[in-house]
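Below you'll find the structure, written out as structure tokens, and then a few comments.
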Amino acid sequence: MVEAAASSSSSIFTNYPLLSALVAFSIAQFIKVFTAWYKERRWDFKQLLGSGGMPSSHSATVTAIATAVGFQEGIGGSLFAIALVLACVVMYDATGVRLHAGRQAEVLNQIVYELPAEHPLAESRPLRELLGHTPLQVVAGGLLGIVTASMGYVITLTISHTI
């Protein structure tokens, strides 16, 4: 029983689809710091944990896992189908509902900002505006995920051939 627990706990560190997703997410979040600096000319390290921005870390994560599952399990199986559909839903949602919710938050924040000081809502905390992504941000994240998983696959093949 201890051996089974030890082997299953160590297998998470060799789980190629999971590692691909985590690496793609981390790279996307790291890149956001630089794209935010390029756009605003100031360093914003909150981007390391925040949503929204360029590239979409959600898209990078789900395309990396779908690509890795495709490489590992083949594209004809159920697992790849699930990963692909999940990726499509996440990316569609990022450019649809979440993008428009962020734009509505911008409008609502402006309305609250213009309220007189004596209004009960004048001291409301601002709503988060960076919720969704533009189509370009989603495509960039998707490409990052595919490249990350592909590089991971090459590394995995290289390691398995040297052992």
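Observations, loosely collected:
- Approximate spin-label separation Leu22-Leu157, in nm, with each point projected 7 Å along Cα-to-Cβ: 2.4 nm
- Geometric extent, Cα atoms of the stretch 53-160 - Rg, Dmax (angstrom): 19.5, 68
- Distance (nanometres) between label positions extended 7 Å along Cα→Cβ at Ser150 and Ala101: 3.2 nm
- Potential lengthening between Ala117 and Phe34 on full extension [0.36 nm per residue; Cα-Cα distance subtracted]: 26.2 nm
No lab work stands behind these numbers, since they all come straight from the coordinates. What you are looking at is a predicted structure, and each value in this text was computed from that prediction instead of being measured. Note that we place each Cβ from the backbone using ideal geometry, even for glycine, and neighbour counts take in every protein chain shown.
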